[in-house]
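Derivation of every value follows stated rules applied to the coordinates shown; laboratory data play no part. Nothing here was measured: the structure is a model prediction, and the numbers come from that model. Neighbour counts are summed over all protein chains in view; Cβ atoms, including those assigned to glycine, are modelled from backbone coordinates with ideal geometry.
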Amino acid sequence: MIRRRRRGLNKKKVSVDANGLSVLTELAEGEKAVIVRASGGFGLVRRLAEMGLTPGVEIKLIRKCPFNGPVEIEVRSVTLALGCGVASRILVKPLKDEPHD
Amino acid sequence: MTKQLRIALAGNANVGKSAIFNQLTGLNQVVGNWPGKTVERAEGTLHFKGYTIRVIDLPGIYSLSTFSMEEIVSRDYIAVEKPDVIVNVIDASALERNLYFTLQLLELEAPLIVDLNQVDFAAKKGIRINIDKLSEALGVPVIPTVAITGSGVTELLSTVIAVANGERKLAPLKVRFGAEVEKRVQELQILVENKLPQICKVYPARWVAIKLLEKDSDIIGKLKNYVGAAEVLEHAEELAAELEKIHGEPSPVILASERYTIANKIAKAVTVFEAPPRISLEQKIDSLTTHKLIGYPILAIIILCMFTLIFVGGSQLSATLDLFFGALSSNFESWLLHFLDNTTANLINKGILGGIIAGITIALPYIIPFYIILALLEDSGYLPRAAFLMDNLMHKIGLHGKAFIPLIIGYGCSVPACIGCKIMETERERFLAAFVVTLIPCAARTVVILGLVGRFVGLHVALALYAFDLILIFILGRIVFKALPGEPVGLIMEMPPYKKPSLKIVLTKTWSRTKDFVYIAFPIIIVGSLTITALDIIGFMNYITAGARPLISGWLGLPAEAGIPLIFGILRKELTLILLSELIPLESLSAVQMIVFAIVTMIYIPCVATIAALLKEFGWRKALAITIIDVAAALLVGGLAYNLLAIFMS
């Protein structure tokens with residue numbers, strides 16, 4: 001599956017596996033996705049869920065900092081900053097670009 | 001007779017809860033810690049319609065689980081202390097996330113009123129909320145407010161009283177989950193009711209059942225001591241395992257999802273989006289200040305402006321105040337001599353008045369402007385942006401972006417910075433942040449660095465010292481980070497939207513922080529100053545000078561007299577420079593000696609007031625640990641600097 005991506009400082013290869021899943025940090029700025037699940041410690045996973053990042057919820061990546069910096073996302077009308085370590089543990093399913101966005 | 005009421009404000013962070021608290025209590029508030037916890041507790045009283053109402057401002061949290069001390073403190077207060085009314089402050093512009101918390105308050109079966117705050121801001125974003133519908137959905141009164149202007153606050157109070165005296169009946173929403181989860185909650189609830197009737201007197205049985213399904217460590221710990229708990233816990237584990245098998249998620253995630261489903265449903269039903277949101281000025285500022293390239297220079301400029309303002313303004317004010325108090329002090333001493341002998345007069349004047357003057361000449365000129373600017377940065381919403389930008393760097397010393405906030409405060413004064421380390425989530429992070437903070441040169445240390453090295457050796461050398469300090473912080477921070485057990489925590493932080501800071505909030509914050517500083521710092525400064533003056537009078541200082549000679553002269557290469565200023569400097573760091581200049585002409589020092597003196601002053605434990613703040617926040621063990629590491633590092637680095645510089649500069 002090939003998708004257009006905005007050019008950013010982050011030149012990491014985009015990896016989307018066979019199920020069309022990707023990692024949150026690999027979304028492009030402005031791209032939307034649905035949370036599939038977060039992996040990691042019990043506390044982290046629970047914390048993310050409490051902040052609204054539950055499986056199935058739609059998010060939008062607003063921006064990311066270079067050199068594996070934090071990412072900023074919008075979820076449930078709230079803006080959250082997630083450290084790279086945290087964001088890289090979140091598996092997402094990117095949504096196809098909506099025609100009217 | 002006035003009737004007494006106790007109410008608690010509960011809600012997420014960044015919803016204007018403190019602003020509501022300020023509107024309710026004005027300056028009539030006491031800020032302290034929860035007993036035995038490093039969690040801030042703000043309390044105030046107000047009088048309304050013949051009632052005396054005590055208001056407790058619970059910490060801003062997102063959930064009532066056990067992620068942080070704040071959450072445990074809050075839920076215990078609500079469940080155990082049972083305040084008459086809980087006012088749940090929610091942000092109208094982020095209803096869904098806020099309702100997640102409201103649902104948990106409903107689970108706790110707390111007498112609830114919802115304060116729908118920031119309705120003006122939500123309206124700007126094109127969000128309008130149907131108050132009646134929301135109130136109907138939740139079964140509790142919903143009062144719209146604008147905390148900044150105080151609109152709606154009177155109605156809020158009237159409602160509080162109506163609910164407390166039973167005039168207004170609540171019919172709170174009974175939170176019901178999806179069938180699979182609900183079935184197990186009810187099953188467990190019955191078991192809890194039967195087996196653990198004692199615990200049901202404190203907590204609602206259903207709530208205990210939910211928490212057990214969520215594997216809540218705090219509740220499990222509390223239950224363990226009861227007879228019959230083993231069976232309940234075992235069954236709870238089985239039920240949780242069943243749920244996890246069905247959903248393929250850890251049980252807390254399943255319950256969070258359930259709550260969010262309900263919150264989403266309610267939010268959708270009561271919200272009307274009126275206009276498609278246009279890109280506002282705030283959003284433009286937001287994208288500039290968090291821009292991956294432009295964001296950093298903006299951050300640097302803001303910090304630079306802040307320090308220039310504080311130091312230029314502060315040093316002038318400080319000089320004026322010093323003149324005034326210097327005159328006052330000598331007058332005071334000659335007046336004292338009418339009644340007392342020389343020694344006692346000296347002790348009282350230097351020890352007590354000297355201590356108070358020391359406090360005032362730092363507090364007024366440097367701390368207050370610093371607090372004002374800090375409150376501006378905070379209230380506008382810039383600090384989280386700065387934290388966002390610095391997250392990457394902070395990770396290198398085992399912290400995350402949020403730690404940048406106390407670090408910045410540390411350049412003003414270490415006392416509020418140590419207190420500010422509360423924003424970190426875990427005890428480990430708090431300690432690490434506080435340690436790093438003590439190494440940041442505060443305003444008083446900057447006076448020494450600029451006044452000695454900057455003035456006599458060159459400004460570029462003084463700036464090099466700052467850079468050196470940052471490198472040192474990095475190295476020491478990393479060592480301590482590696483030595484501390486436990487895993488570093490990643491950044492999960494809400495980015496509140498930018499808003500125009502409110503003068504009232506900025507001034508209230510400045511006032512309460514200044515008050516806090518005075519309470520913590522002044523008694524310690526006075527006691528310390530009295531002790532050292534007493535030691536001086538009985539001639540103890542000569543022994544110290546003699547005793548410290550090998551260290552001061554031999555290892556650090558300083559004149560032996562420099563030992564005394566360094567000891568006195570524990571009271572307030574700029575004293576080191578003032579005393580040094582009284583003992584020896586500063587010009588007689590070599591450049592290397594000046595640099596070494598500045599380095600030692602910069603690194604060794606900030607001052608007694610900071611030690612007091614560390615004691616209050618972390619207990620004596622950790623306060624002592626930080627003190628020892630700082631002093632050892634100062635002596636080690638100072639000595640190395642002397643020995644190395646002596647080779648290169650001779």
Taking amide H positions as placed 1.01 Å from N in the peptide plane, with prolines and chain starts having none, which residues 5 or more places from B:Asn33, or on another chain, fall under 5 Å of its amide H? B:Arg41
Taking 0.36 nm per residue of separation between B:Ile628 and B:Gln316 and subtracting their Cα-Cα distance, the length gained on full extension comes to 108.9 nm
Choose one of B:Gly359, B:Thr25, B:Ser590: the residue whose Cα lies farthest towards the positive end of the charge dipole of chain B (beta-carbon charges +1 Lys, Arg; -1 Asp, Glu; about the Cα centre). B:Thr25
Please give the Cα centre distance for segment B:212-285 versus segment B:109-166, rounded to the nearest Å. 24 Å
Over segment B:179-247, how many pairs of lysines fall under 23 Å by alpha carbon, counting only those 8 or more apart in sequence or from different chains? 17
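Quick check on packing: order B:416-424, B:304-312 by the mean number of other C-beta atoms within 10 Å, highest mean leading. Could the numbers behind the result be given before it?
Details: B:416-424: 24.6, B:304-312: 15.1.
The packing order, highest mean first, is B:416-424, B:304-312.
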Mind checking the mean number of beta-carbon atoms from other chains within 10 Å of the Cβ atoms in A:51-61? 5
Return the sequence-ordered ³J(HN,Hα) values of segment A:53-65 in whole Hz as given by the Karplus equation 6.51 cos²θ - 1.76 cosθ + 1.60 applied to θ = phi - 60°, using x for Gly and Pro. 8, 8, x, x, 7, 8, 10, 10, 7, 7, 7, 9, 8
So, with points 7 Å from each Cα along the Cβ direction, the B:Glu427-B:Tyr296 label distance in nm works out to 3.7 nm
Neighbour-count order for A:Ser39, B:Ser217, B:Ser63, fewest beta carbons within 10 angstrom listed first: A:Ser39, B:Ser217, B:Ser63
Check B:Arg168: other-chain or 5+ apart residues with amide H under 5 Å from its amide H, H built from backbone geometry? B:Val163
Within 10 Å of each Cβ in peptide A:36-46, how many partner chain Cβ atoms are there on average? Round it to a whole number, please. 4
Taking the Cα centre of the protein assembly as shown as origin and charging only Cβ (+1 Lys, Arg; -1 Asp, Glu), how large is the dipole, in debye to the nearest 20? 1320 debye
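Sorting B:His291, B:His400 on the 10 Å Cβ count, fewest up front, what's the list? Let's see the in-between values first.
Working: B:His291 15, B:His400 27.
With the fewest neighbours first, B:His291, B:His400 line up as B:His291, B:His400.
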So which chymotrypsin sites (Phe, Trp or Tyr not before Pro) in segment B:216-274 pass both tests, a DSSP loop state and at most 16 other Cβ atoms within 10 Å of the Cβ? B:Tyr226
What's the magnitude of the charge dipole for segment A:22-94 around its Cα centre, counting Lys and Arg as +1 and Asp and Glu as -1 at the beta-carbon? Answer in Debye, nearest 20. 180 debye
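How much mean residue ellipticity at 222 nm does the protein assembly as shown get from its helices, if each DSSP H run of length 4 or more adds -39500 (n - 2.57) and you divide by all residues, to the nearest 500 deg cm²/dmol?
Values: 31 runs with 415 residues, N = 751.
So the calculated ellipticity at 222 nm is -17500 deg cm²/dmol.
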If each part is reduced to its alpha-carbon centroid, segment B:572-632 and segment B:384-454 end up apart, in Å, by 17 Å
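For B:Phe648 and B:Glu561, FRET efficiency with R0 = 30 Å and r from the beta-carbon atoms, rounded to 0.05?
Values: r = 26 Å, r/R0 = 0.86.
After rounding, the FRET efficiency stands at 0.70.
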May I ask you to compute the full-extension gain from B:Ala483 to B:Thr52, defined as 0.36 nm times their residue separation minus their alpha-carbon distance, rounded to one decimal in nm? 150.1 nm
Place a point 7 Å from the Cα of B:Ser151 in the direction of its beta carbon; the residues of segment B:83-104 whose amide N falls under 18 Å from it are B:90-94
B:Ser581 versus B:Ser158: modelled label distance in nm, points set 7 Å from Cα along the beta carbon direction: 6.3 nm
The answer for chain B, counting only DSSP H helices whose Cα atoms cover 15 angstrom or more along the axis and whose Kyte-Doolittle average is 0.0 or greater, is B:95-107, B:153-164, B:251-270, B:295-336, B:368-380, B:382-395, B:427-439, B:459-483, B:503-537, B:591-603, B:608-649
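By count of other Cβ within 10 Å, fewest leading, how are B:Thr102, B:Thr289 ordered?
On the way: B:Thr102 25, B:Thr289 19.
Starting with the residue having the fewest Cβ neighbours, the order is B:Thr289, B:Thr102.
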Using a Förster distance of 41 Å, the FRET efficiency for B:Asn28-B:Thr308 (Cβ separation, nearest 0.05): 0.70
What is the protein assembly as shown by shape, rounded, prolate or oblate, if you read a ≥ b ≥ c off the alpha carbon gyration tensor as root eigenvalues and call it rounded for a/c under 1.5, prolate for a/b larger than b/c, and oblate otherwise? prolate
Whole-angstrom gap from segment B:295-327 to segment B:1-80, using each part's C-alpha centre: 34 Å
Kindly flag which residue pairs out of B:Lys133/B:Lys499; B:Lys125/B:Lys268; A:Lys60/B:Lys292; B:Lys3/B:Lys169; B:Lys133/B:Lys169 have an alpha-carbon separation exceeding 21 Å in this structure. B:Lys133/B:Lys499
Can you bin segment B:359-408 into rounded, prolate or oblate? Criterion: square roots of the alpha carbon gyration tensor eigenvalues sorted a ≥ b ≥ c, rounded for a/c under 1.5, prolate for a/b above b/c, oblate for the rest. oblate
